[in-house]
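Below is one structure, written out as structure tokens, with a few remarks after it.
Computed from the coordinates by the stated procedures, all read-outs in this text should not be read as laboratory data. Just so it is clear, the model here is predicted, and its values are computed rather than measured. Cβ placement follows ideal geometry from the backbone for every residue including glycine, while neighbour counts extend to all protein chains displayed.
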Amino acid sequence: MTALKRLPGVGPRTAERFAFFFLTQPASVCRELAQAILRVKETVGFCKICFNLADEDLCVICRDPARDKATVCVVEHPRGISALEKAGGFKGVYHVLLGALSPLDGIGLKDIKIAGLLERAGSGLYREIILATDSDTEGETTALFLSRQLKASKAKLTRVAQGIPMGSHVEYADQATLARAFEGRREV
């Protein structure tokens with residue numbers, strides 16, 4: 001159960017349920033799952049351009065000729081791409097940092113994938129750079145650092161809007177969310 005608890009979102013009770021499930025299954029089911037995990041680990045890596053998950057040198061998005069290569073959206077992790085792609089609407093490319101700046105945790109510039117982004121931005125490759133890092137302290141720190149570094153590029157620099165989620169009520173939103181919602185308001 002200790003190994004199962006290392007999985008994100010898996011606490012002691014869920015780990016126990018998984019363990020009992022595996023114990024009641026034939027060995028072939030457990031072997032199939034183990035082999036699938038190993039196959040993913042051995043065949044999936046990172047795109048050499050954007051650092052998204054890829055089973056070739058370039059990810060499926062960087063290989064897509066229909067994508068707008070002059071518009072890049074910067075995210076912290078590949079799961080950010082997944083969320084944005086499910087939402088639809090964005091037709092550009094991405095850059096995955098594989099983390100966020102966090103001096104308290106010892107995560108600095110050398111620990112995340114910033115260099116390639118700065119190089120491509122400096123070469124004039126991008127028309128717009130959209131910062132879509134998380135709205136936590138680390139994400140905000142990273143966005144602030146990137147905005148300062150990218151000011152010299154000729155690209156339009158934007159940050160994704162943040163505010164009140166659809167379906168929620170204003171009275172339940174925290175003060176920071178409400179302040180962001182007012183800052184990001186737009187004309188209707």
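See the values below:
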{"quantity": "Filtered residues of the range 38-86 (kept if farther than 18 Å from Thr133 by Cβ, touching an Asp or Glu at 6+ places or on another chain (Cβ under 7 Å) and charged (D, E, K, R))", "calculated": "Lys48"}
{"quantity": "Some residue of the range 16-33 being part of a helix (DSSP H, G or I), among the hydroxyl-bearing types (Ser, Thr, Tyr) and in contact with a helix residue (DSSP H, G or I) (Cβ under 9 Å, 6 or more places away or on another chain)", "calculated": "no"}
{"quantity": "Residue list for the range 52-69, restricted to those being outside any loop (DSSP other than H, G, I, E, B) and of a type in the set (Asp, Glu)", "calculated": "Asp68"}
{"quantity": "Criterion (under 21 Å from the mean Cα position of the chain (by Cα) and assigned to a strand (DSSP E or B)) met by exactly one of Val40, Val72", "calculated": "Val72"}
{"quantity": "Members of the range 77-98 found to be part of a helix (DSSP H, G or I) and touching a strand residue (DSSP E or B) at 6+ places or on another chain (Cβ under 8 Å), listed by number", "calculated": "Pro78, Gly80, Ile81, Leu84"}
{"quantity": "Counted residues, the range 113-150 - those being among the hydrophobic types (A, V, I, L, M, F, W, C) and closer than 19 Å to Ala83 by Cβ", "calculated": "5"}
{"quantity": "Per-region count, the range 91-106, residues free of Cβ contacts under 8 Å to residues at least 24 places away in the same chain and surrounded by 15 or more Cβ atoms within 10 Å (Cβ to Cβ)", "calculated": "1"}
{"quantity": "Residue match in the range 8-19 (condition: loosely packed, with under 10 Cβ neighbours inside 10 Å and either closer than 30 Å to Leu58 by Cα or touching a Cys at 6+ places or on another chain (Cβ under 8 Å) (or both))", "calculated": "yes"}
{"quantity": "Output for the range 130-188, where each listed residue is among the charged types (D, E, K, R), over 15 Å from the mean Cα position of the chain (by Cα) and surrounded by 15 or more Cβ atoms within 10 Å (Cβ to Cβ)", "calculated": "Arg180"}
